[in-house]
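The structure appears below as structure tokens.
The values are calculated or read from the model by the stated rules, or taken from the named source; none is laboratory data. No experiment lies behind these values; they were computed from the predicted model shown. Here Cβ is always computed from backbone atoms with ideal geometry, including for glycine, and neighbour counts include all displayed protein chains.
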Amino acid sequence: MPLIDGTPVDMLRDAGPSSAEATSERADIIRHVAAFRDHQIRIRQQREAYYDAVLARTRAALRSDTSRI
């Protein structure tokens, strides 16, 4: 039996994931990346909505302060 670094070649061949496991793992990674991307989009939209609300309140407060002068 041929050896690579003292390990039988058959053991090395069997050590890797099967193609079904690799496909499943790849699909899992793709799902996780898509979920992360969706989460980032949601967070960006929330951040922009918060910014718009704070800006509107600030402008309203500045307008009301200016009218007192």
Of the criteria (1) surrounded by 10 or more Cβ atoms within 10 Å (Cβ to Cβ); (2) modelled with pLDDT of 90 or more, which one Arg63 fails: (1)
Exactly one condition in (1) at pLDDT 90 or above; (2) exposed (fewer than 10 other Cβ atoms within 10 Å of the Cβ); (3) of a type in the set (A, V, I, L, M, F, W, C) is not met by Ile4; state its number. (1)
